[in-house]
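Here the structure is laid out as structure tokens; the discussion comes afterwards.
The values are calculated or read from the model by the stated rules, or taken from the named source; none is laboratory data. Only a predicted model underlies this, so the values are computations on that prediction, with no experimental measurement involved. Cβ placement follows ideal geometry from the backbone for every residue including glycine, while neighbour counts extend to all protein chains displayed. Heavy atoms of the whole protein, side chains included, go into the accessibility calculation; ligands, DNA and RNA do not. Shrake-Rupley method; radii C 1.70, N 1.55, O 1.52, S 1.80 Å.
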Amino acid sequence: CFGSQTEQRVLRLVANYDGERSVDINAAIYVTMSIGLVEQAAHLVRFTHDMIQKATIESICNEDLVPLLRKLIESILHSSSSAGELGSVLFVVVDLVNRIGSDAKSSEQERVTFANLHLQAGLKAIAAPDFAGAAKYAEKGIAFLSDTCWETDYELSLGLYETAVVSHFSNLTGDRDMLMNRMGAVFEFAKDFSD
């Protein structure tokens, strides 16, 4: 679920993703290494071939994949927040969220959480600076917002739209129509002149 490779600390964060039924991650990695499915290089664990990764992800039924991704996200958020490590695994979490997508049936609380994660990722990408990446995170975060977001989650909405404006404006190949659209929304819904 994490792609062709991931850091061992990410795997440690999801060690108890399924409660009592979780597998021993270290034992599982050892077994897969011993039969040549994955290899360890420094702090990374990676598939030895892209076809092994493809077969592995395809072995998960479609109806099981989204619940699995939700469990992994919840586990990483819980483990990394208590350890103060969310910033270091933020992009990993947001990538898992994007695999679920904004079209999936999500509770309002989950949608707000996912939008917040995208806002954090967008701000972190701007600081890098990676304006194209920031624009993608902001737009995907906006997709998680409800139709009444400006009334129910004003600060989150303003943050995402502001991130979208900054990233579209700063991105040399940015979408100018989207920039104008996002600026128009801020002008329409802003509560005061400073916003």
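Here are Gly87, Gly141, Gly174: which of them is of a type outside the set (D, E, K, R), over 25 Å from Asp64 (Cα atoms) and under 13 Å from the mean Cα position of the chain (by Cα)?
Details: Gly141 fails: over 25 Å from Asp64 (Cα atoms); Gly174 fails: under 13 Å from the mean Cα position of the chain (by Cα).
That would be Gly87, the only listed residue that is of a type outside the set (D, E, K, R), over 25 Å from Asp64 (Cα atoms) and under 13 Å from the mean Cα position of the chain (by Cα).
Limited to segment 47-58, what total is found for residues that are of a type outside the set (A, V, I, L, M, F, W, C), in contact (Cβ under 8 Å) with a residue 40 or more places away in the chain and either surrounded by 13 or more Cβ atoms within 10 Å (Cβ to Cβ) or touching a strand residue (DSSP E or B) at 6+ places or on another chain (Cβ under 9 Å) (or both)? Quick ask: steps written out before the conclusion?
Quick first cut of segment 47-58, residues of a type outside the set (A, V, I, L, M, F, W, C) only: 48-50, 53-54, 56, 58.
Add one more test, that the residue is in contact (Cβ under 8 Å) with a residue 40 or more places away in the chain, and what stays is 50, 53.
Among the residues that remain, those that are also either surrounded by 13 or more Cβ atoms within 10 Å (Cβ to Cβ) or touching a strand residue (DSSP E or B) at 6+ places or on another chain (Cβ under 9 Å) (or both) are: 53.
So the count comes out to 1.
Please name all residue pairs, on different chains or six or more residues apart, with Cβ atoms under 9 Å, provided the first residue is in segment 67-85 and is closer than 21 Å to Ile100 by Cα and the second residue is basic (Lys, Arg) and open to solvent by 60 Å² or more (accessible area, probe 1.4 Å).
Leu69/Arg99; Ser79/Arg12
What is the number of the single condition among (1) in a helix (DSSP H, G or I); (2) surrounded by 12 or more Cβ atoms within 10 Å (Cβ to Cβ) that Glu63 does not meet?
Checking Glu63 against (1) in a helix (DSSP H, G or I); (2) surrounded by 12 or more Cβ atoms within 10 Å (Cβ to Cβ), the one that fails is (2).
With respect to Thr148, determine if the residue is within 20 Å of the chain's Cα centre (by Cα) and polar (S, T, N, Q). Step through it out loud before you land on a result.
Numbers: within 20 Å of the chain's Cα centre (by Cα): no; polar (S, T, N, Q): yes.
Answer is no for this residue.
Yes or no, residue by residue, for (1) buried (at least 21 other Cβ atoms within 10 Å of the Cβ); (2) of a type outside the set (Lys, Arg):
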position: His78; (1), (2): no, yes
position: Val94; (1), (2): yes, yes
position: Arg99; (1), (2): no, no
position: Val112; (1), (2): no, yes
position: Leu117; (1), (2): yes, yes
position: Ala128; (1), (2): no, yes
position: Ala132; (1), (2): no, yes
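For segment 94-121, which residues satisfy the criterion of being assigned to a helix (DSSP H, G or I), more than 13 Å from Gly141 (Cβ to Cβ) and hydrophobic (A, V, I, L, M, F, W, C)?
Leu96, Ile100
Out of Leu158, Leu145, which single residue is in a loop (DSSP other than H, G, I, E, B), without any contact (Cβ under 8 Å) to a residue 40 or more places away in the chain, buried (at least 16 other Cβ atoms within 10 Å of the Cβ) and touching an Asp or Glu at 6+ places or on another chain (Cβ under 9 Å)?
Working: Leu158 fails: in a loop (DSSP other than H, G, I, E, B).
None of the others qualify; the one that does is Leu145.
In this structure, does Ser82 turn out to be more than 9 Å from the chain's Cα centre (by Cα) and open to solvent by less than 30 Å² (accessible area, probe 1.4 Å)?
On the way: more than 9 Å from the chain's Cα centre (by Cα): yes; open to solvent by less than 30 Å² (accessible area, probe 1.4 Å): no.
No; evaluated as a whole, the condition is false for this residue.
Take the residues in segment 16-46 that are polar (S, T, N, Q) and within 17 Å of Gly3 (Cα to Cα); name whichever of them is most open to solvent (accessible area, probe 1.4 Å). If you could, list the steps in order and put the result at the bottom.
Here is the first cut: in segment 16-46, the residues polar (S, T, N, Q) are 16, 22, 26, 32, 34, 40.
Now narrow it down to the ones that are within 17 Å of Gly3 (Cα to Cα): 32, 40.
On the way: Thr32: 40, Gln40: 86 Å².
Residue satisfying both the conditions and the ranking: Gln40.
Would you pick out the residues in segment 1-23 that are closer than 20 Å to Ser59 by Cα and either acidic (Asp, Glu) or more than 19 Å from the chain's Cα centre (by Cα) (or both)? Don't jump to the end; show me each part of the working.
First pass over segment 1-23, keeping only residues closer than 20 Å to Ser59 by Cα: 1-6, 11, 14, 17-18, 21-23.
The answer is Asp18, Arg21, Ser22, Val23.
So which residues in segment 161-188 are exposed (fewer than 14 other Cβ atoms within 10 Å of the Cβ) and not acidic (Asp, Glu), if there are any at all?
In the first step, residues of segment 161-188 are kept if they are exposed (fewer than 14 other Cβ atoms within 10 Å of the Cβ); the result is 172-173, 176-177, 180, 184, 187-188.
Those that are exposed (fewer than 14 other Cβ atoms within 10 Å of the Cβ) and not acidic (Asp, Glu): Leu172, Thr173, Arg176, Met180, Gly184, Phe187.
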